[in-house]
Structure formats: C-alpha cells, structure tokens
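The block underneath contains the structure these notes are about, expressed in structure tokens.
Each reported figure results from applying straightforward, stated rules to the coordinates on display, with no laboratory input. Keep in mind it's a predicted model, so treat the numbers as computed, not measured. Neighbour counts are summed over all protein chains in view; Cβ atoms, including those assigned to glycine, are modelled from backbone coordinates with ideal geometry.
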Amino acid sequence: MRPFTYERAASVEAAVKSAAQTPNAKFIAGGTNLLDLMKLEIETPAHLIDVGRLPIAGIEDTADGGLRIGAMATNSHVAADVRVRSRYPVLTQAIVAGGSGQLRNKATTGGNLLQRTRCAYFYDTSKPCNKRQPGSGCGALEGLNRNSAIFGASHACIATHPSDMAVALTALDATVETLSPSGQARSFSILELHRLPGETPDVETHLIPGELITAIVLPPPPAGGQVYRKVRDRASYAAGLASVAVAGGNLALGSVAHKPWRAEKAEAALALGSSPVEAIAAELAEATHSSRNGFKIDLLRRLVPVAVAQANGGEA
Amino acid sequence: MKTTITVNGEARALDLDPRTTLLDALRETLRLTGTKKGCDHGQCGACTVLVNGTRINSCLSLAVMHDGDAVTTIEGVGQVGALAPIQQAFLTEDAFQCGYCTPGQICSALGMLAEVAANQPSQETTDLTGPIRLTDDELRERMSGNICRCSAYPQIVAAIRAVSGLPA
C-alpha cells in the first residue's frame, strides 16, 4: 500500500468538505473493495476519509410507502430488514447472492454501488487497462474476455459492473441521494448514477468529485412478483456471469454491462403482450460480444424467461 | 496514529501506521498469531475475527477504523485446558488436517450461528419471512467465505452442527 493519511469524519458535511479540500482523497466505509485495490496499488489515495460511522446507516419508512436506506447500512443489515424481505424480496435475494457473509457484514450500500470491476486486466497491473491507466489500451478486447460486457461496451473498455445489489435497485427504480462539497443535496434515478465506458472508462459515475452518496430511496414496490436469479461458475461466493432482477414489469440485467443494465426493450415488449422469450430476444438483438463471452447471450435467453415465470408464481 | 482496540476483553493502546490492517495489528503488533493470513484479499476467510460480535475479514479492514471496537480472536474464544465447545467439537469431529484455516473457520462459525439466531437470511433461505432452518445447504452456504484446502468440509459441517443445537 502507498502511504496515506486518515481521518474519521465527524459529520456528513465535514466529510464532503474535507474531500473537496484534500487532493486525491477517497471516502472509505466498509473498505472491502477499496483496501483490496489499495494493496495492489490500483487505488492510491493520499488521504482516506472514514465515513463508516456517520449516522446515515438507518432504514426508515417514507411517507409514500417506500423505504429510505442509509448509505452506511451494511449489506447484511439491509438484506435482513423485515420490510425489505417482505416488500422488496428481490433486493434481499440480490444482496445475499453477492460476496461472503464476512464481506456483507462490512460492505455498505453506498460502497457496494461504487465498487470497481472484477475484470482481470483491471487487476493485473502488468497488463494494459484504460480504466486503471487511461490510454494504455484494453487487454480484454483480444484477451480473456469470458466475463466481459455484451451491452454498452466501447472499443476502450468491455468491463462489467460486478454488483448484484445494484441490479435489484435498478429494477426497483431506486433513487440516489447525495451531498456535494458545496453543501448541496440532490437526488436522481439510479439509472443516472453509473456511466457507460465510452472513451473514458476510468470515469465510472456521474458523481462530482467529493460528492457522497447519503441514501438510497425505494419507491413503493411495483405491482407483481419479484425475483433475482444469478448464474456463475460455482454455487456460492463467486462473481456473476449473468443475472436478472425482476420486479413487476421491470427487468434489470447484471454482469453484462459497465453498469446495471435496465432491459427497457424487453420491458416494452412485455408491456405490449410479448412472451418473456420474445421480450428478452428483443433486448438481445442489440447485444454484441467478444471472442469468449458470446455464451452470455444464450444464458440470458434462457435465464430471463425462467425468472419472469418464477416472479409470476411459476416454477423455478 | 493512536488507536485503542479492546482485544479479547483487554483494552490495547496502539500507535500504528494507518496502512496497518486489523489482521497485521493483531499478529505483528499484539503477537496474537492465532488469526491467520491466507490470501490477504478477503477470499479465503483465514483471517476471520469477531468485531463487536460480527464476523469480518480482518485483512480487509484498517486497524485505525476499529478505534473503540471490541475484537475477539481465536485466543479469546478459548485456550488449551479451557476450550470453547466449538473448539472441542472441531477436535471431536476431526474437522481439520493442517489446521491453518481452523481459527478463521471457528470465528466464522460463531458469527454465523449468531446470524442464524438473529434470523438473517442467506441465498439458501427459500422463505424470507419465516424462521431460518439451518439445513446443511444453509450451513454450507453461510460458511462459503471460509475455504479449507485440505477439504475437511464434511467434518467442519458436523462440528458446527454439533454445537449449533439445531437439527439439520
């Protein structure tokens, strides 16, 4: 690890102020992804602002029948919340499909959204990676790209976003609440949080420097069933190859793009009365693949109709 | 950087480089070498300890993040001559070969059983609104953050089952 200085933020306001004033500062909450990357010197912050004990870890009912989840709520805490389990089961299912028990006990809601890709070329500092070192190229394009993106990729980057939780939040139409260094609070759709790679895959979100996620707000659950299904190389504690979150008529796909992928074409087809098989085919019509990840298209073609049927009370 | 952590019931005042992980503070500074360093990246679980009763990977946490916390390591679970029931169960069930993963397995199991008692779900939990039934599939899923390269898994499951007081 490179040397850094450390402070524990006394308040949300103090945290964003410090982030704005300190060059190369990063927030740390659970630390499970950031410290892993700091050990590899992929992340090299000069200053860490510990936000893990800020009083934004609660889960509360909202006036309209939704839930506000504090950004510091741990993944375990959110997954176990009785309101989440009964009203947003897709969120509990997605969270417990990710990581291990130990990791979920530390990982936070805000940090989970901002975790970095698991692309092998991002992790291997001897290889080119435009995300880790802008301008160095993309090793995955012609390399080991079995787990790369099939939606929204660019010639600069074909990495995927690894979160399971974020896929469920995307299907649930969650809103992100933040505080910026100027003291301004804002909220926006989770669809507006992450960027596609384009020419600048190192810039992964639309957050401004020093802006802190403070909460995730869920609207009342949509009408209809919910389910999260994930396909991976082993039964537990493995990143996904492809996943799907179903929440009523909403569909989001995981591990297939630089961001949680809202399957809007499939949703539109379903709304017009298409079968789930036809609906996912409409979405996959614009999928592209590299040399080794074409199987993800077949996986989704089979996975999504099963998940939709399961959400609607059918057999798994 | 000054940090005070209560380790196995005793307040320990430390002065650490901020880079020091909780794992390294335990092993290198406090010489509590029962907690093991395996992968150092949160993938193997050998470094699992209990922080305020909750299991975490001590390799993926900075010691300075734990100022004021209460940490339990394998040394605090039990000692030779005064083994905790789960330690005795690992012996009785022959739940290890080389033993390197064992401190992490035991601390993880204690944290896991507390999670079950608190009715926290896992991906094997089919009824999210009912009580948890600790089937073997549930137990194995909940312990997937701890690997045993000697592959003593059946005996580890038996040892944890024995102290859980819960039917399969």
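About the Cα centre, and with charges only on the beta carbon of Lys, Arg (+1) and Asp, Glu (-1), how big is the dipole of chain B? Nearest 20 debye, please. Here the size comes out at about 260 debye. GNM on chain B, alpha-carbon springs under 10 angstrom: the most fluctuating residue among B:ASP15, B:ASP136, B:ASP24 is B:ASP15. Using a Förster radius of 35 Å, what is the FRET efficiency between B:THR129 and A:VAL231 based on their Cβ-Cβ separation? Nearest 0.05, please. With a Förster radius of 35 Å, E is 0.85. Within chain A, antiparallel bridges make up roughly 80 percent of the DSSP beta bridges whose residues both belong there.
Relative to the compact-globule estimate of 2.2 N^0.38 Å, the Cα radius of gyration of chain B comes out at 1.04. Could you calculate the FRET efficiency of A:SER291 with B:ARG149 from 1/(1 + (r/R0)^6), where r is the beta carbon distance between them and R0 is 25 Å, rounded to 0.05? It comes to 0.15. The simple Förster model, with R0 at 45 Å and r as the Cβ-Cβ distance, assigns A:GLU264 and A:ALA46 a FRET efficiency of 0.65. Full extension of the chain between B:ALA162 and B:ALA114 yields a length gain of 15.8 nm, computed as 0.36 nm times the residue separation minus the alpha carbon distance. Of the residues A:VAL16, A:PHE27, A:LEU40, the one whose Cα sits farthest towards the positive end of the charge dipole of segment A:1-70 is A:LEU40 (charges of +1 on Lys and Arg Cβ, -1 on Asp and Glu Cβ, taken about the Cα centre).
Take segment B:2-75, drop everything but the C-alpha atoms, weight them equally and run the Debye formula without solvent; then report log10 I(q)/I(0) at 0.20, 0.26 Å⁻¹ to two decimals. At q = 0.20, 0.26 Å⁻¹ the computed log10 ratios are -0.73, -1.31.
Here the protein assembly as shown is assigned +1 on the Cβ of each Lys and Arg and -1 on the Cβ of each Asp and Glu. Its dipole about the Cα centre then comes out at about 600 debye.
Relative to one another, the C-alpha centroids of segment B:24-72 and segment A:27-100 are positioned 20 Å apart. Given their separation in residues at 0.36 nm each and the Cα-Cα distance between them, A:THR200 and A:ALA238 gain 10.9 nm when the chain is fully extended.
Select from chain A the helices, each a whole stretch of DSSP H, whose alpha-carbon atoms run 18 Å or more along the helix axis and whose Kyte-Doolittle mean is at least -1.0; answer none if there are none.
Values: long enough: A:295-311 (24 Å, 0.89).
Those that clear 18 Å and a mean of -1.0 are A:295-311.
Only one residue of B:GLY145, B:PHE96, B:ALA162 has its Cα farthest out toward the positive end of the dipole of segment B:85-164, where Lys and Arg carry +1 and Asp and Glu -1 on Cβ, and that residue is B:PHE96.
What aspartates and glutamates could a cross-link reach from A:LYS131, if we take a straight Cα to Cα line under 12 Å and drop same-chain neighbours fewer than 8 places away? Within reach: A:GLU43, A:GLU199, A:ASP202, A:GLU204.
From the convex hull of the Cα coordinates of chain A, what is the mean projected area in square nanometres? Don't jump to the answer; show the numbers that get you there.
Numbers: hull surface 62.4 nm².
Approximately 15.6 nm², given one-decimal rounding.
On full extension, the segment bounded by A:GLN133 and A:ARG301 gains 57.0 nm, given 0.36 nm per residue less the C-alpha separation.
With only the Cα atoms considered, segment A:1-158 has a convex hull volume of 153 Å³ per residue. Relative to the longest principal axis of the Cα atoms of chain B, helix B:153-164 runs at roughly 90 degrees.
Each label was represented as a point 7 Å from its Cα along the Cα-to-Cβ direction; for A:SER189 and A:LYS39 these points are 3.9 nm apart. Per residue, the convex hull around the alpha carbon atoms of segment A:207-315 comes to 155 Å³.
Cut-off under 19 Å on the C-alpha distance; same-chain residues fewer than 8 positions from A:LYS127 excluded. Which lysines are left, in chain and number order? Filter leaves A:LYS39.
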